[in-house]
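So the structure is just underneath, and the comments pick up after that.
The values are calculated or read from the model by the stated rules, or taken from the named source; none is laboratory data. These numbers were taken from a predicted model, which means no experiment stands behind them. Cβ sites come from the backbone with ideal geometry, for glycine too, and all protein chains shown count toward neighbours.
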Amino acid sequence: MGAHVSVAGGYVNGLVAGEAMGAEVIQIFGSSPRQWHVRMPTEKEAGDFLVRRKDSLVKEVYLHAPYLINLASPKKELCEKSVTQLAGHLQIANMIKAKGLIFHVGSATGTDEKKALAQAVNGMKEVLERAPGKSYLIMENSASHKKVGSTIDELAKMLKGVGSGRLRVCFDTAHSFTAGLMGGYTSESIKKFVDEIDKKIGLENLVAIHVNDSKGEMGSNIDRHENIGEGYIGKASFKNLFKEKRLWGADWMLEVPGFDGRGPDEKNLDILKNLLG
C-alpha cells in the first residue's frame, strides 16, 4: 500500500516522502501535469533515483500522466498532442524503471462510442511503439459515463483491441462508485464486480487500485476524492473490499486530499492498514 507523493525538488524526494508515511508503493508525476511539454530527466537524475531506490522501503513506483491527455477526442490535433505527451511520460517511466504509467483515456464529445474506442486503441498502439521498454501503459477507469473507460466492457474492448502485453488496468474506488459500477461496496457487489473483471479483463491485467473515498454519491458521475472514511463510500466498505483476496495482487495507492489538505498522508494510510487488520 502507498500513495501519490510530490517529487518537488527531484524524483528522490518522492521516495523520501513515501518512506516518511510508511508507503511501500508510490505514484508520482514524471513531468508537470499542467503542461504539454514533457521535461525528460537527465541521466544523473534518473541514476540518482535508481541508486536511492535500491535501499528504499518503497518497492514499486508508478507514474500518473497529465489530465490534459485525450486519446478519444474527435479533434485530430489534440489526439496527436496526447499521443506525443503520453509517449514522453512512458519514456520517463522506463528511465526510472517504474512499473507503469497510469492515464485517463479521455472523452469522446461529438463522436460515437465505437469510433472513440477505435481511435483510443490506435493512439495507445502508437504510444507503445514510440516508447519501447518494460513499463506498462495503464488505463484508469473513469468516474463519468461522458468519458471513455467508465465501464469494464469499454476497458476490455480497448485491452483486446491494443493486444499488447504492456497494456494494463487500474481501478479507482471512487470512480467505480460514482460511475455506478460498484453497488455500495457490499460483499455481494464486490464479488460480482471482481468476477466481471476476472472474466472480461483478467485479474492478471489489474495491476493497481486507487484507494479513494468519494465526495460524490453513488452513480453521480462526480470525480471528487475524499479522505478515507469521510466520504460516501466509508470505512466499512473499504474493509469489505480488503476481504476480497483476489485483489491483493494489485498495488493500492491513495489519491486523497489529506487531512491537512496537502495530499495523501500518513493518517489516511494508517486508516487503511487498520482496516486491513
Requested in this report: Mind counting the residues in the range 89-114 that are touching a residue at least 12 places away in the same chain (Cβ under 8 Å) and over 23 Å from Met253 (Cα atoms)?
Outcome: 6
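When you scan the range 60-90, how many residues do you find that are of a type in the set (S, T, N, Q) and in contact with a Pro (Cβ under 9 Å, 6 or more places away or on another chain)?
We begin by selecting, within the range 60-90, every residue of a type in the set (S, T, N, Q); these are 70, 73, 82, 84-85.
Next, only the ones that are in contact with a Pro (Cβ under 9 Å, 6 or more places away or on another chain) stay: 85.
Of the residues in the range 60-90, 1 are of a type in the set (S, T, N, Q) and in contact with a Pro (Cβ under 9 Å, 6 or more places away or on another chain).
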**Report entry** Subset of the range 214-239 [farther than 20 Å from Lys147 by Cα and either hydroxyl-bearing (Ser, Thr, Tyr) or out of contact with any Lys or Arg (no Cβ under 6 Å at 6 or more places or on another chain) (or both)]
**Finding:** Asn227, Ile228, Glu230, Tyr232, Ile233, Gly234, Lys235, Ala236, Ser237, Phe238, Lys239
Requested in this report: Hey, could you check the range 14-27 for residues that are in contact (Cβ under 8 Å) with a residue 60 or more places away in the chain and not in a loop (DSSP other than H, G, I, E, B) and say which is farthest from the chain's Cα centre (by Cα)?
Outcome: Ala20
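Is one or more of the residues making up the range 234-257 of a type in the set (D, E, K, R), in a loop (DSSP other than H, G, I, E, B), under 18 Å from Tyr62 (Cα atoms) and at pLDDT 95 or above? Steps first, please.
So the first thing to find is which residues in the range 234-257 are of a type in the set (D, E, K, R), and the list is 235, 239, 243-246, 251, 255.
Cutting the leftovers down to in a loop (DSSP other than H, G, I, E, B) gives us 243-244, 255.
Then drop every residue that is not under 18 Å from Tyr62 (Cα atoms), which leaves 255.
So of that shortlist, the ones also at pLDDT 95 or above come out as 255.
So far as the range 234-257 goes, yes, one or more of its residues are of a type in the set (D, E, K, R), in a loop (DSSP other than H, G, I, E, B), under 18 Å from Tyr62 (Cα atoms) and at pLDDT 95 or above.
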Report task. Can you give me the number of residues within the range 68-99 that are on the phi > 0 side of the Ramachandran plot and buried (at least 24 other Cβ atoms within 10 Å of the Cβ)? Result -> 0
Query raised in the report: (1) farther than 11 Å from Thr173 by Cα; (2) part of a helix (DSSP H, G or I); (3) touching a residue at least 24 places away in the same chain (Cβ under 8 Å): which one isn't true of Gly219, the others all being true?
Result: (2)
Report task. For the range 134-144, state whether one or more residues are part of a loop (DSSP other than H, G, I, E, B), touching a residue at least 60 places away in the same chain (Cβ under 8 Å) and surrounded by fewer than 18 Cβ atoms within 10 Å (Cβ to Cβ). Result -> yes
Requested in this report: Provide a single number: the residues in the range 255-277 that are surrounded by fewer than 13 Cβ atoms within 10 Å (Cβ to Cβ) and not charged (D, E, K, R).
Outcome: 3
Requested in this report: Note down all Cβ pairs under 6 Å where the first residue falls in the range 152-178 and is in a strand (DSSP E or B), the second is surrounded by fewer than 23 Cβ atoms within 10 Å (Cβ to Cβ) and polar (S, T, N, Q), and they're at least six residues apart or on different chains.
Outcome: Arg168/Asn205; Val169/Asn205
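For Asp198, indicate whether it is touching a strand residue (DSSP E or B) at 6+ places or on another chain (Cβ under 8 Å), surrounded by 14 or more Cβ atoms within 10 Å (Cβ to Cβ) and more than 20 Å from Lys115 (Cα to Cα).
On the way: touching a strand residue (DSSP E or B) at 6+ places or on another chain (Cβ under 8 Å): no; surrounded by 14 or more Cβ atoms within 10 Å (Cβ to Cβ): yes; more than 20 Å from Lys115 (Cα to Cα): yes.
Answer is no for this residue.
This table checks each residue for (1) over 26 Å from Leu241 (Cβ atoms); (2) β-branched (Val, Ile, Thr).
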{"residue": "Ala108", "(1), (2)": "yes, no"}
{"residue": "Asp112", "(1), (2)": "yes, no"}
{"residue": "Ala118", "(1), (2)": "yes, no"}
{"residue": "Ala143", "(1), (2)": "no, no"}
{"residue": "Val148", "(1), (2)": "no, yes"}
{"residue": "Ile152", "(1), (2)": "no, yes"}
{"residue": "Phe177", "(1), (2)": "no, no"}
{"residue": "Phe193", "(1), (2)": "no, no"}
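With the requirement that a residue be of a type in the set (A, V, I, L, M) and over 18 Å from Gly149 (Cα atoms), what does the range 179-204 give you?
Filtering the range 179-204 for residues of a type in the set (A, V, I, L, M) gives 179, 181-182, 190, 194, 197, 201, 203.
Across the range 179-204, the qualifying residue is only Ile190.
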Query raised in the report: Restricting attention to the range 158-189, and to residues there that are modelled with pLDDT under 95 and on the phi > 0 side of the Ramachandran plot, which single residue is farthest from the chain's Cα centre (by Cα)?
Result: Gly184
Report summary line: Within the range 41-65, residues being within 28 Å of Thr84 (Cα to Cα) and part of a loop (DSSP other than H, G, I, E, B) number 3
Query raised in the report: Within the range 52-67, restricting attention to residues that are surrounded by fewer than 16 Cβ atoms within 10 Å (Cβ to Cβ) and touching a strand residue (DSSP E or B) at 6+ places or on another chain (Cβ under 8 Å), which residue is nearest to Glu24 (Cα to Cα)?
Result: Lys59
Requested in this report: Kindly indicate whether Leu128 is hydrophobic (A, V, I, L, M, F, W, C), touching a Lys or Arg at 6+ places or on another chain (Cβ under 8 Å), assigned to a helix (DSSP H, G or I) and over 18 Å from Lys115 (Cα atoms).
Outcome: yes
